[in-house]
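The values are calculated or read from the model by the stated rules, or taken from the named source; none is laboratory data. Every value quoted in this text rests on a predicted model; they were computed, and no experiment measured them. In this analysis, Cβ positions are derived from the backbone assuming ideal geometry, glycine residues included, and neighbour counts consider all displayed protein chains. SASA here: full protein model, heavy atoms, side chains in, ligands and nucleic acids out. Shrake-Rupley method; radii C 1.70, N 1.55, O 1.52, S 1.80 Å.
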Amino acid sequence: MTRLFNDPADFREELIEGFVAAYGRLVRRVPDASGVMAIDAPQPGKVSVVVGGGSGHYPAFCGYVGPGLAAAAVMGNVFAAPSAEQVYRVTKAVASDAGVLYCYGNYSGDVLNFDMAELRCQDEGIDVRTVRVTDDVASAPRGQEEDRRGIAGDFFVFKIAGAAAARGDTLDEVERLARKANERTRSFGVAFGGCTLPGQSAPLFTVEPGRMELGLGVHGEPGIQSSYMRPALEVADLLLDTLLADAPPDAGSTVAVLLNGLGSTQYEEMFVLYKDINRRLQAEGLTPYKPIVNEMVTSLDMAGCSLTLCWLDDELTALLDAPCASAAYTNM
Amino acid sequence: MSSVEGADTVVRRWLALALESISAHEDELGRLDAAAGDGDHGATMVRGLRAANAALSTATGSAGDLLSAAGGAFADAAGGASGALVGALLTTTGRTLGNGPYDTASVVKALQAALTMVMRLGRAQPGDKTLIDALKPFVDALAAQPADAPLSVAWRAALPAAMAGAEATQSMIARRGRSAKLGERSLGHPDPGAVSLVLLLQAADTVFATS
């Protein structure tokens, strides 16, 4: 249930205002646009990474704006892609001479609107490139990786792109590294309960008691398969069986790990689950690198979690370790 | 809609009635969308139409100009894929119609241009379970009417094709848009975008019949 709101139609506008009021030390409002930009953006000679999507997924997307991470986030209404006009305005506000990289989850509404803005910016001489996050293995089979949607893997791709941009890499290089991070990132999730849009009295979908949905989407789309509820140990194996079967080629043995809460799953439960995930990773000969157990891409008040693995190499590890500051993630 | 003076009033009345009609069906459209998507289609359409009507309260110009302005406001306020696609549908229709004439042949030409634009932007084909499955049969049926038929008559004759098209989406499996990710779960429910398009076309029919 979403309980705290005024007019549901004003939800996005009010959350942007409150977010900027709270985190003005890191971000400011993009004038006349639904978005926020880092206090230090744009920086001459440095690529601006622009992220975005519908609201309802905090910390995605505004929580990842700040020095060393995204230069700006374009914020749509709850679960709706931002319009091309808003993407364009935010891009104009943060475009530097080094160019702009769009980075967002692969959903048709986002693709349409970001693509339209990209064309308009290119017509005006701004060099804009795009890397779409496609980490959700449940959304399309192997061989059709580019059709997959983006979920919690957003975080690793944004972090790596933002760090490359902050280091002063060229647009070609920032694009290459973001693409590489995406190609080496996989996620899979389980849902135990639906989520409710602000102002709505009923959830978008329900999960029957004693059951869980496999392959949930962060927009509350029902999963691809329903299963009986299992103990944490079995859920850990189910998540890892799926991800390991989908490991990218030349994966290596070091993985960045994100166990992500979807909105109303307890942290303690996730630690119980992580104990079993960690055990299984070790048994598989994989070394978890600075694992994160946290809410990084949510879906309003949805119950459930997802596991993301990003197979690292030296250049990706260096970017993951680079300093950054944002409302949701700081690394110093 | 035979005189240039009357056409702009028709556009204003149509968008006002469209908002009324979509608002009355908002919950139903949301439920259809929730079957295989994120349940916000009704809310998105209402948001877009409110903005389109608000834009027209200050806009001036020909019927073509008004449709174009309404499309821009719709796309920006609605967001998402539906916002961009319905916005492009309105804007392209408006730009192609321009300052008229607004007879059946011109409207057919404008809607054909809009259909092409929506298919290109959404990368959707007939049978993909999208609004195209109502729009294309409608445009084809309208094009099949005698070119000298009054628009109100031709429009009404073409409407059943749109309704049948939307109905047929029930037995389709989504291949584009967010519901594509759910494949067969989309079976048995009509596409909400196709259903809302029919509501928009029906509102136009009501306005034509009384203008």
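Structure above, values below:
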read-out: Looking only at region A:271-315, and only at residues there that are hydroxyl-bearing (Ser, Thr, Tyr) and outside any strand (DSSP E or B), the one that is most open to solvent (accessible area, probe 1.4 Å); value: A:274
read-out: Number of the exception - residue B:61 against (1) assigned to a helix (DSSP H, G or I); (2) away from chain A (no Cβ under 12 Å); (3) under 15 Å from residue B:15 (Cβ atoms); value: (1)
read-out: Cβ-Cβ under 6 Å pairs, at least 6 apart or on other chains, region A:102-123 side assigned by TED's automatic domain parsing to the domain that holds residue A:154, far side part of a loop (DSSP other than H, G, I, E, B) and open to solvent by 10 Å² or more (accessible area, probe 1.4 Å); value: A:106/A:134; A:108/B:177
read-out: Strands (runs of 3 or more DSSP E) within region A:11-92 that include 3 or more residues in contact with a Gly (Cβ under 8 Å, 6 or more places away or on another chain); value: A:48-55, A:72-78
read-out: Pairs with Cβ under 9 Å, 6+ apart, first in region B:187-211 and within 16 Å of residue B:128 (Cα to Cα), second of a type in the set (Ser, Thr, Tyr) and not in a helix (DSSP H, G or I); value: B:191/B:130; B:193/B:130; B:194/B:130
read-out: Test: residue in region B:2-22 that is within 14 Å of chain A (Cβ to nearest Cβ), under 30 Å from residue B:173 (Cβ atoms) and open to solvent by less than 10 Å² (accessible area, probe 1.4 Å); value: no
read-out: Check on residue A:83, open to solvent by less than 10 Å² (accessible area, probe 1.4 Å), of a type in the set (S, T, N, Q), more than 30 Å from residue B:36 (Cα to Cα) and modelled with pLDDT of 95 or more; value: no
read-out: Residue within region B:76-83 that is among the polar types (S, T, N, Q) and at pLDDT below 95 present; value: yes
read-out: Qualifying position, being free of Cβ contacts under 8 Å to residues at least 24 places away in the same chain and assigned to a helix (DSSP H, G or I), among B:51, B:55; value: B:55
read-out: Out of A:159, A:180, sole residue that is away from every other protein chain (no Cβ under 14 Å) and surrounded by 23 or more Cβ atoms within 10 Å (Cβ to Cβ); value: A:159
read-out: Filter result (assigned to a loop (DSSP other than H, G, I, E, B) and within 12 Å of chain A (Cβ to nearest Cβ)) within region B:84-128; value: B:123, B:124, B:128
read-out: Residues (within 14 Å of chain B (Cβ to nearest Cβ) and hydrophobic (A, V, I, L, M, F, W, C)) located in region A:79-114; value: A:79, A:80, A:81, A:84, A:87, A:90, A:111, A:112, A:114
read-out: Some residue of region B:151-160 being over 15 Å from residue B:107 (Cα atoms), part of a helix (DSSP H, G or I) and either in contact with a His (Cβ under 7 Å, 6 or more places away or on another chain) or open to solvent by 10 Å² or more (accessible area, probe 1.4 Å) (or both); value: yes
read-out: Residue list for region A:176-230, filter: touching a helix residue (DSSP H, G or I) at 6+ places or on another chain (Cβ under 8 Å) and of a type in the set (Lys, Arg); value: A:180, A:184, A:186, A:230
read-out: Options A:243, A:204, A:214: the member that is closer than 18 Å to residue A:293 by Cβ and either in the same structural domain as residue A:190 (by TED's automatic domain parsing) or surrounded by fewer than 13 Cβ atoms within 10 Å (Cβ to Cβ) (or both); value: A:243
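This table checks each residue for (1) assigned to a helix (DSSP H, G or I); (2) surrounded by fewer than 19 Cβ atoms within 10 Å (Cβ to Cβ); (3) over 15 Å from the mean Cα position of the chain (by Cα).
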{"site": "A:102", "(1), (2), (3)": "no, no, no"}
{"site": "A:110", "(1), (2), (3)": "yes, no, no"}
{"site": "A:114", "(1), (2), (3)": "yes, no, yes"}
{"site": "A:117", "(1), (2), (3)": "yes, no, yes"}
{"site": "A:120", "(1), (2), (3)": "yes, yes, yes"}
{"site": "A:132", "(1), (2), (3)": "no, no, no"}
{"site": "A:138", "(1), (2), (3)": "yes, no, yes"}
